Amino acid sequence: MRCIRICLCGMLFAMVAGTAFGQGSQTTSQVRFSGTTSMIQGGLSNSAAGGEFIKEGPEVDSKFTKPQITGDMSPARISAAHVPSPAGSSFASGAFFGFPGMTHKDQHDAPTGVEHGGNFQLEPPDQGLAVGSGYVVEAVNNAVAVYDTSGHLLATEATSALFGIGANYITDASGNEIVSYGPDPTDPRVYYDADTGRFFVTELVFATDPETGDDSGTTALYIAVSQSSDPTGSWNVFNLDVTNDGDAAYGSCPCFGDQPLIGADNYGFYINTNAFSLETFTFRGAQLYAISKQALVSGTPPGVSAVRFHNLIQAEGPAYSMQPATVPPGGAFETANGGTEYFVSALDFYGTVDNRVTVWALTNTSTLGDATPDLHLTNKVINTQTYGQPPNAQQQDGPTPLLYALWNAYRTYRNHLELVASNDDRMQQVVFADGKLWTALDTSVQMRGTGPVRAGIAYFILSPSLSGSATEPVVNATVAKQGYVAINSPSQNSVLYPSIGVNSNGQGVMCFSVVGQDYYPSAAYVPIDATNGAGSIVIAGPGTKPDDGFSGYAPYGYRVGRWGDYSAAVADETGSIWIANEYVSDAARTTYANWATFIT
């Protein structure tokens with residue numbers, strides 16, 4: 001989903017399901033070379049804010065008999081019918097190394113490379129992470145930071161500077177805005193490719209009218225690729241215009257490619273988007289782009305192109321959020337059928353419950369370096385455990401200076417502690433490791449079939465198989481292991497936004513945020529493997545305050561606080577697993593938000 005910004009509030013986009021309408025199509029698009037940028041060296045600055053007051057609690061439907069509601073006025077509840085009923089996860093202590101990552105203030109203050117240029121105040125952060133060659137690269141919506149593996153900050157800058165597209169807004173020397181809005185990047189992803197020793201950073205960029213801040217009708221996917229294994233150096237930047245990429249069966253464009261999902265095999269770099277109309281914000285179909293990895297790494301065009309697959313269906317509905325797989329350092333790429341990239345997507349078309357996922361295979365990827373690539377995409381729907389749209393999460397009360405300031409200024413709004421958004425049940429990350437596909441998603445859960453419905457996690461470890469040929473592939477998969485992570489307590493406590501990092505030996509860690517009536521938003525994880533499934537919950541970054549961001553309050557037009565749309569988990573060359581999650585810490589905040597990130 002697109003972020004919310006305090007300068008120009010963005011929309012919250014919901015996908016509208018369509019009907020099946022035939023097999024996929026492919027076209028070829030030109031990827032433009034945008035230029036070269038360099039990482040800005042230096043640290044991050046902070047300042048403090050404070051204050052609190054006594055608040056009302058949210059209205060609670062104690063019997064939980066209401067049908068699903070939006071949560072605009074009270075905690076969102078869903079019907080308990082068919083909701084998963086796991087036993088619940090235990091808690092344990094763990095030994096780990098960790099350090100605070102970027103905060104909302106760090107994101108806002110990140111250098112733009114433009115005199116008097118600034119970053120929007122954004123929610124949520126949308127956590128990206130890549131680790132390799134002794135570096136840790138973290139991205140949030142409008143900023144990227146580089147650390148060494150001891151947690152020392154080496155460089156930071158706005159993603160707009162990394163992509164060379166200018167600042168989000170410009171001020172004069174006194175800090176007064178003289179140009180309202182610039183290009184609007186959102187939904188960052190980061191990937192380290194051990195095969196080539198390069199880092200990749202992607203974002204969707206909205207071009208905006210500098211006078212009004214309105215979307216100009218042009219959108220593009222930006223791809224920055226480090227010129228070496230040192231991410232503090234120079235980067236090559238490419239962009240792919242996606243303004244006209246949508247499926248006519250759902251309506252016309254201009255469109256934008258929402259929440260780009262990325263992955264790679266030994267031949268290609270892959271991006272999947274959900275196309276939406278810029279005018280009506282309605283769904284225009286999943287769009288899949290395949291690009292030669294070597295063409296991006298070599299840097300200078302001509303000849304970089306993207307093969308686009310569209311008009312894609314799965315089961316009885318349209319494809320959406322087809323998450324490409326990544327392979328950990330030292331892991332084996334899928335070389336069968338001329339080179340194969342796997343994808344996994346969910347099938348809950350109507351925001352209720354489902355018990356299926358789709359495994360996709362893109363074959364003959366070894367031809368991506370040819371003048372006319374010959375790629376073939378196929379899928380298989382497999383039966384799994386049940387999962388469904390989760391409710392939003394309650395949180396523990398505590399200091400909320402922004403809420404106090406709004407109550408003091410307006411006195412017309414109820415002073416409720418905000419809910420925390422739990423996301424829908426889309427795939428956000430897939431790893432192909434030890435011959436298996438590892439993935440997880442948010443789900444509704446009702447502990448042991450009683451009590452309130454809350455947000456939990458469903459994970460899937462799938463064993464894919466291929467037959468046929470490179471040009472006539474057949475893909476299948478079986479469930480090797482599946483299960484749930486959830487908190488069983490009388491209070492409303494939830495786990496949100498999972499990601500799984502797995503090394504080449506099949507040892508994994510799944511990270512997520514913990515939030516509830518007993519927990520301030522915290523960063524947490526469980527160990528996971530294909531034999532035992534998920535282990536006990538370990539709190540890595542304990543939260544110290546409630547989420548107190550502008551997106552959760554009525555004066556800004558919202559009721560539910562936006563949390564990160566996704567977390568991040570990756571393996572490095574040693575087999576260690578690195579994870580990054582959103583939490584709320586004691587770090588200095590801005591007036592408008594207090595989210596922070598923790599790297600473990």
* Asked: With each run of n ≥ 4 DSSP H residues scored as -39500 (n - 2.57), what mean residue ellipticity at 222 nm is computed for the chain after dividing by its residue count and rounding to the nearest 500 deg cm²/dmol?
  -> -1000 deg cm²/dmol
* **Residues of segment 83-176: accessible area per residue with a 1.4 Å probe, Å²** => 30
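Based on the mean of other Cβ atoms within 10 Å per residue, sort peptides 84-97, 489-502 so the most packed one is first.
Ranking the peptides 84-97, 489-502 by packing returns 489-502, 84-97.
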* Structure fact -> Taking the chain, the lysine pairs whose C-alpha atoms sit under 20 Å apart (8 or more places apart or on different chains) add up to 5
* Would you mind getting the accessible area per residue of segment 429-512, heavy atoms of the protein chains only, 1.4 Å probe, in Å²? => 28
* Of the heavy-atom accessible surface of the chain (probe 1.4 angstrom), what whole percent is carbon and sulfur? -> 49
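For the chain, what is the charge dipole size about the Cα centre, in debye to the nearest 20, if Lys and Arg each add +1 at the Cβ and Asp and Glu each add -1 at the Cβ? Walk me through the numbers before you get to the answer.
Working: 26 positive and 54 negative charges, 259 e Å.
For the chain, the charge dipole is close to 1240 debye.
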* Find which of 267, 311, 385 sits farthest along the positive direction of the dipole of segment 247-397, computed with +1 on the beta-carbon of Lys and Arg, -1 on that of Asp and Glu, about the Cα centre. => 267
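Taking only the Cα atoms of segment 344-427, how large is their convex hull per residue, in Å³? The partial results should precede the final answer.
Values: hull volume 18.2 nm³, N = 84.
Hull volume normalised by residue count: 217 Å³.
Quick one: compute the contact order of the chain, relative version, from alpha carbon pairs under 8 angstrom and 6+ residues apart, as a percent.
Once normalised by length, the contact order is 17 percent.
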* Structure fact -> Put 463, 444 in order of accessible area, largest first, probe 1.4 Å, and you get 463, 444
* Accessible area of segment 328-396 divided out per residue, in Å², using a probe of 1.4 angstrom -> 32
* Order the peptides 397-406, 371-380, 339-348 from the highest to the lowest mean number of other Cβ atoms within 10 Å of their residues. => 339-348, 397-406, 371-380
* From the residues 91, 539, 288, which one has its Cα farthest along the dipole of the chain in the positive direction, the dipole being from +1 and -1 charges on Cβ of Lys/Arg and Asp/Glu about the Cα centre? -> 91
* Net charge of neighbours whose Cβ lies under 14 Å from the Cβ of residue 522, counting Lys and Arg as +1 and Asp and Glu as -1 -> -3
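The values are calculated or read from the model by the stated rules, or taken from the named source; none is laboratory data. Computed from a predicted model, the values in this text were never measured in an experiment. Note that we place each Cβ from the backbone using ideal geometry, even for glycine, and neighbour counts take in every protein chain shown. Only protein heavy atoms, including side chains, enter the accessible area calculation; ligands, DNA and RNA are left aside. Shrake-Rupley method; radii C 1.70, N 1.55, O 1.52, S 1.80 Å.
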